[in-house]
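Read the structure below first, then the notes.
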Amino acid sequence: MSQGQLRGKIALVTGGRGGIGRGICERFAKEGATVIAADIAQGEGALPESVHYERLDVTDEDNVHALMQALGEKYGKLDILVNAAAIEIEKTIEETSLQDWNNIFAINVTGMFLVCKYAVPFMRLAGGGSIINFGSYDGFIADPSLAAYCATKGAVHALTKAMACDYGPENIRVNAVCPGFIDTPMLQSFFGSSGDIDTLKEEVRRIHPMRRYGTPADIASLVNWLAGDESVYASGQLWILDGGLTAQVQQMRL
Amino acid sequence: MSALNGKVAIVTGGGRGIGRAVVDRYLANGAQVLSCGRGKRPADLPEAVVWVQADLSRLEDVKRVRSSVLESFGRVDILVNNAGVQVEKTVTETTDDEWDLVMGVNAKAVFLCCRELIKDLGHAGAGVIINLGSISANVADPSMAIYNASKAFVHGLTRSIAVDHGKDGVRCNAICPGWIMTEMAEAGFDLAANPQAAKRDALARHAVGRFGKPEDVAGLALWLASDDSAYASGQMFVIDGGLTAASPLQPGLF
């Protein structure tokens, strides 16, 4: 699609240094938006020069509040918020400690709540906006040994719909993107915990109707659409992007 | 914008309503378009569009559409199965002829168009099928029994094509519009005891505060046809202004 469709828009991307977050920042920058990448990570993950980096711990209410105030003073509004900050824990519930559980919920769910809570007033100043949350196909169907992660994504899906209902009248749209297998450091870690990586990768490709897994650029294309004016009637939905993976039933080897 | 430069699209039922908005959007984005319908060529259809008068529930008519697109443009990249009809009746009120009409246009025609065109669509390795499903396939509209069922067929077929023909270079997705103000939707309101009150109530149930427009659907149809959605397949994408994200029980309305 043509470039420049986000010109004049102010966009905040949490988890902006992660695999998917970086892809989104790059795309937004290419489309002409003013992009702020917020992340707890400071060193890793190179960003395009035009993208502003802000350190953010989404679980820290004071930190979130202060960042929003600073952005509000600097830009006067916020048009686009992408909540991409998330972690995963590769454990069953018996292996998961209460601390693990509280930690993943703090980042994946509470963090989203806090960032949205303090971002909405600045979207109001923009006369509306688009919030894009990161759900997952794991919020619908589970991967083994990802119990707490799956639960956080289910919570994200419900929160997405709830916010869409509450803020629709103010022209703030809220949607979730639900990726399948995307080639990121998080996926490498998931593979790494399950034995021989190369065999596993081939298996995973084979099971996708499109015979590949996704890239951060694939996800950024959907996020870009949801952020822009082409999607003005889309709200409250969970947008699965998975190369056809979850359209099929479990694949048995016959 | 020229997201569809060099692409050839078939949009069934492109004479008016949603189909017409898709035709216009595709043209504006550089595609060459063939459309078809049971009636004569609409007088206001842009000259660039090739029109074929056809009843797509008949195989010979589908074959005519195929040879016409290949003769006119030499290829086909995008198939939008948009043509649809509705009969506003419960199961006990529905006659055999009405069943044949609704299932013929909404179900059989989609099957026939896909079957006859998949090979041509997959030729360049990036074929796209976009079917018009409906939120009514997931949650029933009262007194629309066979229509609702026909749209559930479309959703099932969409998943199957994505799963079976992903390896043949074809992506297949469905768009599920909510209330889009077309002649078909007006007819739905006419069923109410008090159409004006029904419209007010329906409006209050939309988070974004308005009914959809054909252009809203065209925005999604453009994204799904473009390379920006290259990893999207096998999904039902809902575009309903937040309608089905909300619970039907809204005490504020009573």
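Within the stretch B:17-142, the ratio Rg/Rh, alpha carbon atoms throughout and Rh by Kirkwood, equals 0.98. Peptide A:166-173 has a mean of 4 when you count, residue by residue, the C-beta atoms of other protein chains within 10 Å of its C-beta. In the stretch A:172-235 the Cα-Cα distances spread across 10 Å bins starting at 0 as 19, 41, 25, 14, 2 percent of all pairs. Beyond 30 Å in Cα-Cα separation lie the following of the pairs A:K153/A:K201; B:K40/B:K167; A:K9/A:K161; B:K7/B:K199: B:K40/B:K167; B:K7/B:K199.
All other residues whose Cβ lies under 11 angstrom from that of B:L157 are scored, Lys and Arg at +1 and Asp and Glu at -1, for a net of +3.
Which whole number in µm²/s is D for the stretch A:120-237 by Stokes-Einstein, with the Kirkwood Rh taken over Cα pairs at 25 °C and 0.890 mPa s? Calculated translational D: 155 µm²/s.
Here the spin labels are modelled as points 7 Å beyond Cα on the Cα-Cβ line, and at A:K30 and B:A197 they lie 5.4 nm apart.
Length available on full extension from B:T95 to B:R64: 0.36 nm per residue minus the Cα-Cα distance, which gives 8.2 nm. Equivalent-ellipsoid semi-axes for the stretch A:50-183 (Cα gyration tensor, √(5λ), whole Å, largest first): 28, 17, 12.
Other protein chain C-beta atoms within 10 Å of residue C-beta, averaged over B:221-232: 6. Largest first and in whole Å, the equivalent-ellipsoid semi-axes of chain B read 30, 20, 18, each the square root of five times a Cα gyration tensor eigenvalue. In the stretch B:86-149, the alpha-carbon atoms span a convex hull of 74 Å³ per residue.
D for the protein assembly as shown, whole µm²/s, Stokes-Einstein with Kirkwood Rh over alpha-carbon pairs at 4 °C and 1.567 mPa s: what number? Reported coefficient: 55 µm²/s. Calculated on the Cα set of the stretch B:1-74, radius of gyration then Dmax: 11.7, 36 Å. If you plug the beta carbon distance of A:N103 and B:S2 into 1/(1 + (r/R0)^6) with R0 = 30 Å, you get a FRET efficiency near 0.05. By the count of neighbouring beta-carbon atoms within 10 Å, fewest first, B:F153, A:F140 end up ordered A:F140, B:F153.
Here, the stretch B:140-254 yields an orientationally averaged convex hull projection of 8.3 nm² when only Cα atoms define the hull. Comparing B:N131, B:N29, B:N81 in a Gaussian network model of chain B, where Cα atoms under 10 Å apart are tied by springs, the biggest mean-square fluctuation is seen for B:N29.
None of the figures in this text is laboratory data; all of them are computed from the coordinates on show. Not measured: the values here are computed from a predicted model. Here the Cβ is made from the backbone with ideal geometry for all residues, glycine too, and neighbour counts use every protein chain on show.
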